[in-house]
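Here is the structure we will look at, set down as structure tokens.
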Amino acid sequence: MRRCFSTFKRQSNSNHHTPISLLDSCKSIQQTKQAHAQLITTGLILHPIPANKLLKTLNLSSSASISYAHQVFDQIPFPDCFLYNTMINAHSRSPTSSHNSLILFRSMIRGSGLPNRYTFVFAFKACGNGLGVLEGEQIRVHAIKVGLENNVFVTNALIGMYANWGLVEEARRVFDCSVNRDLYSWNIMLGGYVGTGDMVRAMDLFEEMCERDVVSWSTIIAGYVQVGCFMEALDLFHKMLQTGPKPNEFTLVSALAACANLVALDQGRWIHVYLDKGEIKMNEQVLASLIDMYSKCGEIEFASKIFHYERGLKRKVWPWNAMIGGFAMHGKSKEAIDTFEQMKIERVSPNKVTFIALLNACSHGNMVHEGRGYFESMASSYGIEPEIEHYGCMVDLLGRTGLLKEAEEVISSMPMAPDAAIWGALLGACRIHKDMKRGERVGKVLKDLHSNHIGCHVLLSNIYSASGRWNEANIVREKIEVSGRKKTPGCSSIELNGVFNQFLVGDRSHPQTKQLYSFLEEMTVKLKIAGYVPEVGEVLLDIVDEEDKETALSKHSEKLAIAFGLMNTAPRTPIRIVKNLRVCGDCHQATKFISKVYDREIIVRDRIRFHHFKDGICSCKDYW
């Protein structure tokens, strides 16, 4: 402590700093306290400007201590508006302390202090970041009383407050009544619509805007990504490159997410080149997005190279999570665990997302012992209480390995009510391991808890079908039809030359349908010659004729997409497919034969993980 002070004092004397300017060089709370002591001894602490600078240092700098700032503030006899604003702003940034902003605001009003526009900006931000509607309305009344409601800064903060609460209609009313709207007003309103997922009104407002900046474009692109409209997001990104402002790192994070979900590798590579040209500075979030994009496009080795190359950008958890998650979805469980262990060595603190990725890696690698250990270490070693997603991972891990009784015990021990996804994971495991008795019981639990959840009805119907209990299967299907709800159809897509081609089961809407089905017939013949036998047990319909069952299997969406890829690409070109559901056993077996017969590497990303097919072998080793 004494050495720290003497060093600080020598630096101060050598640079001839005043007590006020010393605050700029403070690197720790100890140094800030020394500067505070000098302000007291010189009497400068009684002046508003030095006092405000000290409070800002304590609240906003790397040596911040909001509790110490409060002690300083309480010792100031007559704090002015600027001092109040600094403290209200400091508390408005955190949902856990935003109530202190309201206490300070009321103290200011009671002390006959006159708030200015920034007071209301910070107070509305605090209300939108943790306080309730009532408190926000009270502050709005004060803004009207002092004649600041129509100030553009105050109006924008008010719109943002309502938008953060999800009260988009009220935000729009304030927006429409505003006489001094600026670009920031439009962007806040746009963000309000995006935040509630109302992309129709968001796009209407976007097109209505006379002026759009990088925030406008980034917000609308991010909105489409959030609601799963990835094609629309990329279309807007391309339009932005042609007619809009230069993208920033936030824009690219969203564009890369769209590429990742579409398996648009070529477009993702283009964005990477754009980054390498130095147009935008690489940061941890962009790096994480790049790793995620390459991983989800099947290029896990390249993702790993980028991760190891950018050594200076791994101080935050995001790139680590992306890399662990990438290894997990590719079934590289050992690599995922090694990455986590390296993360510990480099003292990067894991978060809840880290453990979701880690438990998924254990699940895909049949590593039950390791998974149990990491799950137990969350609370004991890292102070992270498992959430419902982590319990879901454990149920999946145990269910895949056939430990159905233990998986059910995990559900019983959960501190929160299990949701449809948890029970659905157990029900799916019952189907895989043909535990019909448990599956029927779990299915009934699911129906009682989530009677409108179509997924559980479909799974239960499939369990009955797989065991040949067609009457029970048909009864469940009839209930689904009567309800008017529909099962999500299997859909597979493939990108060729920047164009996305999508196929549904038995799809005949594609322009190349005639050639496609002709090729499909020829392909099936070649596969059978090579030894392929259709797994007709995968046909979960009451079809008696074996040939009809084979025909039903041949029209699965992934087979159509792969056949399209074989038709339209050069020999030995890798084929990349993305499917919205889990790959069925027959398609998995058929794709192994296709990779060998046609000498192709076929990369399939289904809802659960990646499958790399080559020379008749799949990377999952038939465990998925």
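Annotations
- So Pro79, is it on the phi < 0 side of the Ramachandran plot and either assigned to a loop (DSSP other than H, G, I, E, B) or at pLDDT below 70 (or both): yes
- The residue that is surrounded by the most Cβ atoms within 10 Å (Cβ to Cβ), among those in region 164-177 that are under 30 Å from the mean Cα position of the chain (by Cα) and without any contact (Cβ under 8 Å) to a residue 24 or more places away in the chain, is Ala171.
- Scope region 361-376; condition assigned to a helix (DSSP H, G or I) and open to solvent by 50 Å² or more (accessible area, probe 1.4 Å); matching residues: His369, Glu370, Arg372, Glu376
- Answer residue from region 577-624, given it is open to solvent by 50 Å² or more (accessible area, probe 1.4 Å) and of a type in the set (Lys, Arg) and is farthest from Thr488 (Cα to Cα) among those: Lys596
- Residue tally, condition at pLDDT 90 or above and either of a type in the set (Asp, Glu) or at positive phi (or both), over region 277-297: 2
- The residue that is farthest from Gly147 (Cα to Cα), among those in region 73-121 that are β-branched (Val, Ile, Thr) and surrounded by fewer than 21 Cβ atoms within 10 Å (Cβ to Cβ), is Thr96.
- Here Gly278, Gly268 are screened, and the one residue that is within 24 Å of Leu234 (Cβ to Cβ), open to solvent by 10 Å² or more (accessible area, probe 1.4 Å) and either touching a residue at least 60 places away in the same chain (Cβ under 8 Å) or not basic (Lys, Arg) (or both) is Gly278.
- Residue selected from region 178-208 under the condition free of Cβ contacts under 8 Å to residues at least 24 places away in the same chain and open to solvent by less than 10 Å² (accessible area, probe 1.4 Å), by the criterion nearest to Asn150 (Cα to Cα): Leu205
- Pair list, Cβ under 9 Å, 6 or more apart: region 118-131 residue within 13 Å of Ile103 (Cα to Cα), other residue assigned to a loop (DSSP other than H, G, I, E, B) and basic (Lys, Arg): Ala126/Arg93
- Residue count, region 437-462 (criterion: at pLDDT 75 or above and not in a helix (DSSP H, G or I)): 0
- Scan of region 107-141 for residues that are under 24 Å from Pro77 (Cβ atoms) and at pLDDT 90 or above, ordered by number: Pro115, Asn116, Tyr118, Thr119, Phe122, Ala123
- Filter result (in a helix (DSSP H, G or I) and touching a residue at least 12 places away in the same chain (Cβ under 8 Å)) within region 331-354: Ser333, Lys334, Glu335, Ala336, Ile337, Thr339, Phe340, Met343, Lys352, Val353, Thr354
- There is no residue in region 236-245 that is in contact with a strand residue (DSSP E or B) (Cβ under 9 Å, 6 or more places away or on another chain), within 28 Å of Met203 (Cβ to Cβ), open to solvent by 40 Å² or more (accessible area, probe 1.4 Å) and charged (D, E, K, R).
- Residue match in region 344-354 (condition: more than 18 Å from the chain's Cα centre (by Cα) and under 30 Å from His457 (Cα atoms)): no
- Residues that are over 14 Å from His364 (Cβ atoms) and open to solvent by 20 Å² or more (accessible area, probe 1.4 Å), drawn from region 331-349: Asp338, Glu341, Gln342, Lys344, Ile345, Glu346, Arg347, Ser349
- Residues that are hydrophobic (A, V, I, L, M, F, W, C) and either outside any helix (DSSP H, G or I) or open to solvent by less than 50 Å² (accessible area, probe 1.4 Å) (or both) within region 122-141 comprise Phe122, Ala123, Phe124, Ala126, Cys127, Leu131, Ile139, listed in sequence order.
- One residue stands out in region 546-573 among those that are out of contact with any helix residue (DSSP H, G or I) (no Cβ under 9 Å at 6 or more places or on another chain) and either modelled with pLDDT of 90 or more or part of a loop (DSSP other than H, G, I, E, B) (or both): the one that is farthest from Pro511 (Cα to Cα), namely Arg572.
- The one condition in (1) among the small types (Gly, Ala, Ser); (2) open to solvent by 20 Å² or more (accessible area, probe 1.4 Å); (3) within 22 Å of Arg609 (Cβ to Cβ) that Gly399 fails to fulfil: (2)
- Set side by side, the residues Ala379, Ala357, Ala328, Ala303 differ, and just one is without any contact (Cβ under 8 Å) to a residue 24 or more places away in the chain, under 30 Å from Ala429 (Cβ atoms) and surrounded by 21 or more Cβ atoms within 10 Å (Cβ to Cβ), which is Ala303.
The values are calculated or read from the model by the stated rules, or taken from the named source; none is laboratory data. The structure presented is a predicted model; accordingly, all values stated were derived computationally and were not measured. Don't worry about glycine lacking a Cβ; one is built from the backbone with ideal geometry, like all the others, and counts go over all protein chains shown. Heads up: the accessible areas ignore ligands, DNA and RNA and are worked out on the full protein's heavy atoms, side chains in. Shrake-Rupley method; radii C 1.70, N 1.55, O 1.52, S 1.80 Å.
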